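**Q** This structure is in structure tokens; I'll ask about it shortly.
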Amino acid sequence: MLINKQQKSVQATEPLLNTVSASMECQARNDRQTYFSITRELVRAQFQLADHELSQRLWQDVADRDLDVGRIIHLMYECWFHSDTEAMTEADEGFLALSVS
């Protein structure tokens, strides 16, 4: 009997692990989109509009949301085409690889 119970509990945790994994993947995707969005807004405010007030408000938003400033700066200066999601993803993966090392 105990063996059957153990098998059932293992089977019950497998869907949970898949759910947790899917949840973490979704969170990572949303996190990346947050960084891309704020970076694009900052690039526009600072480089295209040269709007000091807007830039200041956006940087305050970064601080309020406790976002990684280094990651945003990396995206701002390491990516040439901020409207290109693939280029942004490549730059972001480069930053994250540096952070892990």
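The values are calculated or read from the model by the stated rules, or taken from the named source; none is laboratory data. All values derive from a computational prediction rather than experimental measurement. Here the Cβ is made from the backbone with ideal geometry for all residues, glycine too, and neighbour counts use every protein chain on show.
**Q** Restricting the search to region 44-97, which residues are in a helix (DSSP H, G or I), among the hydroxyl-bearing types (Ser, Thr, Tyr) and under 17 Å from residue 32 (Cα atoms)? Walk me through how you get there before you give the answer.
**A** Start the filter on region 44-97 by keeping residues that are in a helix (DSSP H, G or I), which leaves 44-48, 52-64, 69-78, 85-97.
Retained after the next criterion (residues that are among the hydroxyl-bearing types (Ser, Thr, Tyr)): 55, 77, 85, 89.
Listed by number, the residues that qualify are 77, 85, 89.
**Q** Now for a separate question. Sort out which residues of region 78-95 are surrounded by fewer than 12 Cβ atoms within 10 Å (Cβ to Cβ) and either within 16 Å of residue 42 (Cβ to Cβ) or touching a Phe, Trp or Tyr at 6+ places or on another chain (Cβ under 6 Å) (or both), and write them in order of number.
**A** 80, 81, 83
**Q** Within region 11-43, how many residues are of a type in the set (S, T, N, Q) and either modelled with pLDDT of 70 or more or not in a helix (DSSP H, G or I) (or both)? Write out each step before concluding.
**A** If we filter region 11-43 for residues that are of a type in the set (S, T, N, Q), which is where we start, we get 11, 13, 18-19, 21, 23, 27, 30, 33-34, 37, 39.
This time we only want the ones that are either modelled with pLDDT of 70 or more or not in a helix (DSSP H, G or I) (or both), so: 21, 23, 27, 30, 33-34, 37, 39.
The number of residues fulfilling the criteria is 8.
**Q** Here is a follow-up. Among the residues of region 17-67, which ones are surrounded by 13 or more Cβ atoms within 10 Å (Cβ to Cβ) and hydrophobic (A, V, I, L, M, F, W, C)?
**A** 36, 38, 42, 43, 45, 54, 58, 59, 62, 67
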